[in-house]
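> First the structure, which I've put down as structure tokens, then a few questions once you've had a look.
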Amino acid sequence: MSPSLAEHVEAVALIDQHAHGCWVTPVDRNRFENALNEANTEPLAAFDSAFDTQLGFAVRTHCAPLLDLPAHAPADEYWRRRTELSEAELAHRFLSAANVSDWLVDTGFATGVADPHTLAAMSVGRVHEVVRLESIAEQAIRMPGDFIAAFDTLLAERAATAVAVKSILAYRGGFVGDLSEPTEAEVVEAAERWRDSGRPRLTDRVLLRFGLHRGLQLGKPLQLHVGFGDRDADLHTTNPLYLLDFLRRCGRTPVILLHCYPFEREAGYLAQAFNNVYVDGGLTINHLGARSVDFIGRLLELAPFRKILYSSDGFGPAELHYLGSRLWRNGVRRVLEGFVAAGEWSRGDAVRVVDLIARQNALRLYGI
Amino acid sequence: MSPSLAEHVEAVALIDQHAHGCWVTPVDRNRFENALNEANTEPLAAFDSAFDTQLGFAVRTHCAPLLDLPAHAPADEYWRRRTELSEAELAHRFLSAANVSDWLVDTGFATGVADPHTLAAMSVGRVHEVVRLESIAEQAIRMPGDFIAAFDTLLAERAATAVAVKSILAYRGGFVGDLSEPTEAEVVEAAERWRDSGRPRLTDRVLLRFGLHRGLQLGKPLQLHVGFGDRDADLHTTNPLYLLDFLRRCGRTPVILLHCYPFEREAGYLAQAFNNVYVDGGLTINHLGARSVDFIGRLLELAPFRKILYSSDGFGPAELHYLGSRLWRNGVRRVLEGFVAAGEWSRGDAVRVVDLIARQNALRLYGI
Amino acid sequence: MSPSLAEHVEAVALIDQHAHGCWVTPVDRNRFENALNEANTEPLAAFDSAFDTQLGFAVRTHCAPLLDLPAHAPADEYWRRRTELSEAELAHRFLSAANVSDWLVDTGFATGVADPHTLAAMSVGRVHEVVRLESIAEQAIRMPGDFIAAFDTLLAERAATAVAVKSILAYRGGFVGDLSEPTEAEVVEAAERWRDSGRPRLTDRVLLRFGLHRGLQLGKPLQLHVGFGDRDADLHTTNPLYLLDFLRRCGRTPVILLHCYPFEREAGYLAQAFNNVYVDGGLTINHLGARSVDFIGRLLELAPFRKILYSSDGFGPAELHYLGSRLWRNGVRRVLEGFVAAGEWSRGDAVRVVDLIARQNALRLYGI
């Protein structure tokens, strides 16, 4: 007898196509709670607790049993038990339980978290690198001589073993305005200005556009942060519809729209409109917790089923690498069971779409 | 005993207040699949299939039985069976099964599809014409002499037997900016510029605004493409809220907002805010397939129930003319059954709202 | 045995953190129906009826029993019965049934409705005042001499006994553009211009910004109209994401985003991003009626549970003060029962979140 849809969703090994490292050294409770709040860039107010959010509730519901606690364990109890285990032990428990065969790891922002080698050594799945274009630029500007040559050399080196590149343009001015490729002269001039300024952070639009197009020209899939993130970004300027002109001209390099909240329907439209555009709901699913089922439903609107990907976007607490998987499995099961119960989809189609999103699309896209 | 809500929804004959012709000659599979993708303007990628989308699944679920296949028949089988039937036979099967008493047909873009006479000859419902304002302008510019007089003469001729006019301003620069009526001098000058350019396609804002206001002055309902469509439009500039100034000044002519995704809640707001504004979810419902039930729910938020209309926006494959009806019936039944089950609506009110949207509102609005 | 979640939701006394007065003198049916349409600023069209909307259906469903009619009583019957009762009797019935312990009353727009003293005299809960900043300015400009001094004096007097201030900047140009504090010289000049114009209504951006910052500096919670309201506002300019720069610089004064439709997900993001930002779904919940359950679900996405508030935004018909409570109780019960049934939340957590939104957050925020 064929397994039920629910059994199939539980069993499938995922490809987590966008994640970061998990913590390697112990943190205090404030740091833990702040890591459960994505948008705020300040310490949480004294009256608040990140445990009293959808993500906090999801941690207590789904992660507590992996720490040998009952589901819904109180926050204090959860925290107490968490401090009894090393980060290595936590990482091993949560990452194993995620049932992920391959992690694509963005190494662009990695302070205090495991690097790909450390992750690989945990034997919880294969590890592949995603290179952040802005980090390449920020490294190139510190090298003497020709910025363009330095950027190209660094990118070639790093990309040789990477499966994708990523841009956080969303955080560096957003998507509104000209995103065409600048001329060499413009790049040279902008690089000089930046070098002279002594600022380590890349915010110059000319150089951001340069990096984006160098990324495109590489031909490897280009991941783009879209929507939900911390408040440094002007969220309204990260509506992916502002990418329309860019996408109309960017050729065939696959472009993956990450996170997307609250623009997931717009992102799905773009995935239908362009052969090379993909969508992913990582980060958002974790933060919506019990509400992620509705978000997963909205990801299944206009986007063709061969253009939707899974990720956790876990960063910091290993809980996030596991929860992404747990909540996606719960959510996609409930959405697809609904379609089947209504007579709109067959069970066989539902199983097939689970496989596409869980791993087949990523296998095809990244060639891993 | 009164029929159940479900029986009532099945039985009601619809007025499809915005559709196009269906194909009259056979197509190949690529053309068929591309016709199931609204947003993309290029051939689908080799790795993709329009059958693996919500619309594709809905075709296999609901249209297969009309081709004597089981629901959810595999894509290849569906396609094979479809090629065994003539387009006339397909059209007859699907259009009859839609149970539509009146089709309002936009004749503005009609390459390769049935014209109103052909549709009427199929005896699957009465046919009424909707005249596209941009097509009138593109015809007028090819006539010698005074553009304004030519436009007015053509519009008067075409509108004499039409029930409504339509504008695709959304595709010609969107809604952002001045939408007031231009002066005669501005129109004359813009028409000269256009005629001299030799370009057949109307993109000049002055002339688009001219046509829009000529349409308004006619007093017949004015249908406006809003939101979802192909990627030639800048989707973010088709947010109907950009029409606020226009609507504040456009008088009493009814304005119907078509499609509306992902701005259906904004469109519903406008239907509450203006006595002459109506909303319609055609096109979107087909493309959302199993997810259209949620969209139909969102159409039932701020819009007064006497301001909501049904359409399929079917164009090309006759499947679309049927699916619009099938999915709307399924969706509205599920949404309203939910309201009744929760004790929020009475069954009698639900039946009445079905009738309003299915046909009463359109009867009143178009006087047919 | 502990009460069920449903029993708990029914029993909890609410703090209605944003309401207005209810009518004190009889109205005719046209005025009643127009009061059920928030967005339209003209009389409803002859073919339309505000009873045929989600709000109208909710009135017939939930308010009819309080007028000794069966639920879903026909509109004519509802209206006939309503005219048999005095506004005082209507107010007493509806306001008592709301089970509200504290009403925070915006006194800025109060023509024809009960003032706080009249409401307090009804003994249906404690009454607290919310002072509207634009009203202070419009009063100050009519006083001779120094505008700034007059504004400060009036604000200090009114705020002495008020629990919060409110701005309707959304209606006076929206949120796009500079919202920094103007210099004293700029304020003096703008005030002179305004005084000379003789116009009673404040629309000058310099003075609006001045009032907003004076409100902030007071330190009491600042309520902001966001999104849904009448069509005088350009709805797209009231997206709260346009407040990002303002919020990044506004310090620690609590800012409460009211109504929020269709931007409730954006508002929830801001509540996560800033320690001092809160969200509220008043007004919207009434107007969505049977659909408010989905809206309440969306309010429970990114916003931390200690940052969500309840209000009705009732104004005019006393039905609205009751319906807000009725629909919120129904909606939050259904949403949270769904979370519990899915195993995502514990029943105890659900009860606790009900208490937070119903009253604990408001108690902490307003210190009442």
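> Label-to-label distances across copies for residue A:348, with labels 7 Å out along Cα→Cβ, in nm, shortest first?
Distances between equivalent label points, in nm: 4.8, 4.8.
> Okay, next question. Rounded to whole Å and sorted largest first, list the principal axis extents of the Cα atoms in region C:148-217.
32, 26, 23
> Could I ask something else about it? At 7 angstrom along the Cα-to-beta-carbon line, where would the label on residue C:146 sit relative to the other copies? Give the distances in nm, shortest first.
6.6, 6.6
> Okay, moving on. With N set to the number of residues, divide the alpha-carbon radius of gyration of region A:207-262 by 2.2 N^0.38 Å and report two decimals.
For region A:207-262, the normalised Cα radius of gyration is 1.15.
> Mind jotting down a quarter of the surface of the convex hull over the alpha carbons of the protein assembly as shown, in square nanometres, one decimal?
The Cα convex hull of the protein assembly as shown, projected and averaged over all directions, gives 46.0 nm².
> With just the Cα atoms defining each centre, how far is region A:317-342 from region C:62-93? Give it in Å.
What the calculation gives is 46 Å, centre to centre.
> What is region C:27-85's relative contact order, in percent, from Cα pairs under 8 angstrom and six or more apart in sequence?
22
> Could you name the lysines in cross-link range of residue A:220, using Cα to Cα under 27 Å and dropping any fewer than eight places away on the same chain?
Reachable lysines: A:166, A:307.
> Now for a separate question. Return an integer: the convex hull volume of the alpha-carbon atoms of region A:6-128, in Å³ per residue.
Measuring per residue, one finds 125 Å³ for the Cα hull of region A:6-128.
> Next question, about the same structure. Counting DSSP beta bridges with both partners in chain A, what percentage is antiparallel, nearest 5?
Of the beta bridges lying entirely in chain A, close to 5 percent run antiparallel.
> Still on this structure, I have one more. Nearest 0.05, what FRET efficiency do residue A:42 and residue A:76 give at R0 = 22 Å with Cβ-Cβ as r?
The computed FRET efficiency comes out at 0.40.
> Once Rh is set to the Kirkwood radius over Cα pairs, what Stokes-Einstein translational diffusion coefficient, in µm²/s, holds for region A:222-368 at a temperature of 4 °C and a viscosity of 1.567 mPa s?
Rounded to a whole number, D works out at 83 µm²/s.
> Please give the direction-averaged projected area of the C-alpha convex hull for region A:27-85, in square nanometres with one decimal.
Convex hull of Cα atoms, orientation-averaged projection: 3.9 nm².
> May I pose another question? Viscosity 1.306 mPa s, temperature 10 °C: what is the translational diffusion coefficient of chain A from Stokes-Einstein with a Kirkwood Rh over Cα pairs, rounded to a whole number of µm²/s?
The diffusion coefficient I find is 75 µm²/s.
> Take every Cα pair under 8 Å in region A:271-330 that's 6+ residues apart, average their separations, divide by the length, and report that relative contact order as a whole percent.
RCO, region A:271-330: 40 percent.
> Moving to a separate point now. Over region A:174-247, what lengths in whole Å, largest first, do the semi-axes of the equivalent ellipsoid take, defined as the square roots of 5 times the eigenvalues of the alpha-carbon gyration tensor?
22, 17, 11
> List for region A:213-253: residues with 30 Å² or greater reduction in accessible area, all protein chains versus chain alone, probe 1.4 Å?
Listed in order, they are A:228, A:231, A:234, A:235, A:236, A:241, A:242, A:244, A:248.
> If you roll a 1.4 Å probe over the heavy atoms of the protein chains, what accessible area per residue do you get for the protein assembly as shown, in Å²?
33
> Can you give the average number of partner chain beta-carbon atoms within 10 Å of each beta-carbon in peptide B:335-343, as a whole number?
Mean shielding by partner chains, rounded to a whole number: 3.
> Let me ask another. Place the label 7 angstrom along Cα→C-beta at residue A:112 and in each other copy, then list the distances from the first to the rest in nm, shortest first.
5.8, 5.8
> Going highest first, how would you order C:195-207, B:115-127, C:344-356 by mean Cβ packing within 10 Å?
Packing order, densest peptide first, comes out as C:344-356, B:115-127, C:195-207.
> Got the relative contact order for chain A handy, in percent, Cα pairs under 8 Å and 6 or more residues apart?
Answer for chain A is 22 percent.
> Average partner chain C-beta neighbours within 10 Å, per residue of B:51-63?
The mean count of partner-chain Cβ atoms within 10 Å per residue comes to 5.
> Another question about this same structure. Could you quickly flag the chain A residue whose beta carbon comes closest to the rotation axis taking A to C, and that distance in whole angstrom?
Measuring from each Cβ to the axis, the minimum is at A:294, 5.
> Hey, can you rank B:56-62, A:16-22 by average C-beta count inside 10 Å, highest first?
A:16-22, B:56-62
> Here's something else I'd like to know. Could you tell me the distance between the Cα centroids of region C:205-232 and region B:186-255, to the nearest Å?
What the calculation gives is 36 Å, centre to centre.
> If you don't mind, there's one more thing I want to ask. Other chains' Cβ within 10 Å of C:289-297 residues: what's the mean?
That average works out to 5.
> Any idea how far apart residue A:252 and residue B:120 come out in nm if each label point goes 7 Å out from Cα toward Cβ?
Taking the simple label geometry, residue A:252 and residue B:120 are separated by 4.9 nm.
> With a 1.4 Å probe on protein heavy atoms only, work out how much accessible surface C and B bury together, total over both chains, in Å² to the nearest 100.
3300
> What's the long-distance tail for region B:301-368, i.e. % of Cα pairs beyond 20 Å?
36
> On the protein heavy atoms, probe 1.4 angstrom, tell me the percent of accessible surface of region A:101-218 carried by carbon and sulfur.
With neighbouring chains kept in place, the figure for region A:101-218 is 54 percent.
> Also, I was wondering about something else. With +1 assigned to the C-beta of every Lys and Arg and -1 to the C-beta of every Asp and Glu, and no other charges, what is the dipole magnitude of region B:27-85 about the Cα centre in debye, to the nearest 20?
Taking the Cα centre of region B:27-85 as origin, the dipole is about 160 debye.
> Sort C:176-182, A:214-220 for me by packing, meaning the mean count of neighbouring Cβ atoms within 10 Å per residue, highest on top.
Result, highest mean Cβ count within 10 Å first: A:214-220, C:176-182.
The values are calculated or read from the model by the stated rules, or taken from the named source; none is laboratory data. Being a predicted model, the structure only gives us computed values, none of them experimental. No Cβ is skipped: glycine too gets one built from the backbone with ideal geometry, and neighbour counts run over all protein chains shown. Note: accessible area is taken over every heavy atom of the protein model, side chains too, but ligands, DNA and RNA are not part of it. Shrake-Rupley method; radii C 1.70, N 1.55, O 1.52, S 1.80 Å.
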